[in-house]
Each structure stands twice: as structure tokens, then as C-alpha cells.
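Novice: There's a structure below that I have some questions on.
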Amino acid sequence: MKILMIEDDKPLAESVGALLEQRGFEVERVYDGVSGAEYAELGVYDLLILDVLMPGMDGYQVARQVRAARCATPILMLTARGGVEDRIEGLNAGADYYLTKPFDSRELLACVNALLRRQGGQVDELVLGNTALELDSCTLVCGERGVRLSAREFDVMRVLFQARDRISPKEAILAKVWGYDSNAVENHVEVYVGFLRKKLASIGSNVRIAAVRRLGYRLEVENFSEMI
């Protein structure tokens, strides 16, 4: 499960992130609201943990922007503002739960697990057409045939599977898989898409990675009646 934490208090972000990582979650940390909204709108996270008081764009604005982009990822707000009106504003902005600082780590973990369960966060595979991407084994499976993916191949494939028939821009794939601070370029995405196309073909998948000129990639199923 991948969690995006948007929190300008770096020590707090590190401590909460470490707590979640100890429980097996993959946590990505962003320290301002503008960048946080950009990351969140990639649509590749299972949960957003969002601070309210941040410079540039506060948590309420981030939540509204994310929801306006039709991103349904659950949002857990962490904030020192615990008044009734504050909680109402947070929920109206699109948050699913509002946790007031200081909080007990056990309550935080309970909230995280509850939100993931509510979203069906315990799924262990993504399915499209006649093909499944098994999340626990990093394997593409089609009927009796399967092929193991490298870590980077898996990350690219997961981005595409989660987007389904929506276009994933190359720059968005780069940001999610390699990170905003990486020296990787769009050619890296093209190379891994080539690897994945060969692996999809090798197992007889009816899923193909289509290139949308000047925009990015999306998944297509050759026989759309089989799409799940």
C-alpha cells in the first residue's frame, strides 16, 4: 500500500512516515501543498495524509483541488486545529477523517487501516482484460502463464494499471516511479514500456500499452467486451 504524506513539518513527516513504514506501508513525503496536490493527482496512492496549516496552499485547498480532479483516494487530515468548525471545513473539503494533533500513534494506525479497508485497500491484484498484476509477487499473469517483473517494471506497470484507460503522461510516470529529483528522462519511460510490451505479449495478454502522441501512455484491451 502506497501512502502520500503532505506535511510541512519535516520531523513530524519523518516520524509518522517511519511509523507507517515499520508496518509495511510505502510512504512518500512531500513538504508543501502545491507539490502535494500535484503528486496526489497522479492517482497512484492508496491514501493521502494531509496537514492543514501549510504555506502556499493549505490542506483544505489541497483537498478541494484533489477532489475537483476526481481523485477518490481517501484523505486523512492531521492538524492542530481541532475546533468543530475546522473539522466541518475539512470534511466538506473532501477529507474522510480528521485527526487532531497531538495524536496517539495507535489511533493513527487504526485510522489508516480503517480508511484502507473502506476503500478495499487489501486487494492483492489489479485486473484488466484477461491479465492480472499481482501486487505481492510483482507478477503479470494471464491464464496459466505468468512473468515476473523487475522492481522498476512493476512500478511503471502499476501506474498504468491504476490509470486503466486514462492517459498517463510520461512526466507523471517519471515523477512517480523515478521521483521528481531524479536525473531520469522520458527515454527511461520509453525503454521500460518496451520491456513491458514484450512481457505482455509473452504471456498472451490482450492488454496493450498504447502510445498517445505527445501525451503519454494508456492501456487498451483488444477485445473490449472482456474488460473488467
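The values are calculated or read from the model by the stated rules, or taken from the named source; none is laboratory data. All values derive from a computational prediction rather than experimental measurement. Note that we place each Cβ from the backbone using ideal geometry, even for glycine, and neighbour counts take in every protein chain shown.
Novice: Being touching a residue at least 60 places away in the same chain (Cβ under 8 Å) and not in a strand (DSSP E or B) is the filter here; which residues of the stretch 136-149 pass it?
Specialist: Step one: of the stretch 136-149, the residues touching a residue at least 60 places away in the same chain (Cβ under 8 Å) are 140-143.
Hit for the stretch 136-149 is Gly143, nothing else.
Novice: In addition: Quick one: count up the residues across the stretch 57-89 that are within 21 Å of the chain's Cα centre (by Cα) and either surrounded by 12 or more Cβ atoms within 10 Å (Cβ to Cβ) or hydrophobic (A, V, I, L, M, F, W, C) (or both). Walk me through how you get there before you give the answer.
Specialist: Start the filter on the stretch 57-89 by keeping residues that are within 21 Å of the chain's Cα centre (by Cα), which leaves 57-78.
The next check asks that each one be either surrounded by 12 or more Cβ atoms within 10 Å (Cβ to Cβ) or hydrophobic (A, V, I, L, M, F, W, C) (or both); those that pass are 57-69, 71-78.
Final tally of qualifying residues: 21.
Novice: Look through Arg158, Arg164, Arg208, Arg213 and report the one residue that is farther than 27 Å from Ala72 by Cα and either touching a residue at least 12 places away in the same chain (Cβ under 8 Å) or more than 15 Å from the chain's Cα centre (by Cα) (or both).
Specialist: Details: Arg158 fails: farther than 27 Å from Ala72 by Cα; Arg164 fails: farther than 27 Å from Ala72 by Cα; Arg208 fails: farther than 27 Å from Ala72 by Cα.
From the options Arg158, Arg164, Arg208, Arg213, the qualifying one is Arg213.
Novice: Residue check: is Gly179 on the phi > 0 side of the Ramachandran plot, surrounded by fewer than 17 Cβ atoms within 10 Å (Cβ to Cβ) and of a type in the set (Gly, Ala, Ser)?
Specialist: On the way: on the phi > 0 side of the Ramachandran plot: yes; surrounded by fewer than 17 Cβ atoms within 10 Å (Cβ to Cβ): yes; of a type in the set (Gly, Ala, Ser): yes.
Here the answer is yes, as Gly179 does meet what is asked.
Novice: Additional query: Residues of the stretch 158-174 being crowded, with 20+ Cβ neighbours inside 10 Å and within 13 Å of Glu38 (Cβ to Cβ), which ones?
Specialist: Ala172
Novice: Kindly establish whether Glu144 is modelled with pLDDT of 90 or more and over 25 Å from Ala172 (Cβ atoms). Spell out how you get there, then give the answer.
Specialist: Working: modelled with pLDDT of 90 or more: yes; over 25 Å from Ala172 (Cβ atoms): yes.
Yes; evaluated as a whole, the condition is true for this residue.
Novice: Which is acidic (Asp, Glu), farther than 14 Å from Ala40 by Cα and at pLDDT 90 or above, of Glu153, Glu186?
Specialist: Details: Glu186 fails: at pLDDT 90 or above.
After applying the criteria, what remains is Glu153.
Novice: Run Thr131 past the list (1) in the same structural domain as Ser205 (by TED's automatic domain parsing); (2) among the hydroxyl-bearing types (Ser, Thr, Tyr); (3) surrounded by fewer than 16 Cβ atoms within 10 Å (Cβ to Cβ) and report the number of the one that doesn't hold.
Specialist: Exception for Thr131: condition (3).
Novice: Which one is modelled with the lowest pLDDT, of the residues in the stretch 73-98 that are out of contact with any Phe, Trp or Tyr (no Cβ under 7 Å at 6 or more places or on another chain), in a loop (DSSP other than H, G, I, E, B) and not acidic (Asp, Glu)?
Specialist: Gly82
Novice: May I pose another question? Helices (runs of 4 or more DSSP H) wholly in the stretch 1-72 with at least 1 residues that are β-branched (Val, Ile, Thr) and under 27 Å from Arg218 (Cβ atoms) - which ones?
Specialist: Values: elements: 10-22, 33-40, 59-68.
The helices (runs of 4 or more DSSP H) meeting that bar are 33-40, 59-68.
Novice: If you don't mind, another one. Regarding Val52, is this residue of a type in the set (A, V, I, L, M) and within 18 Å of Met77 (Cβ to Cβ)? Let's see the steps before the verdict.
Specialist: On the way: of a type in the set (A, V, I, L, M): yes; within 18 Å of Met77 (Cβ to Cβ): yes.
So Val52 passes the test.
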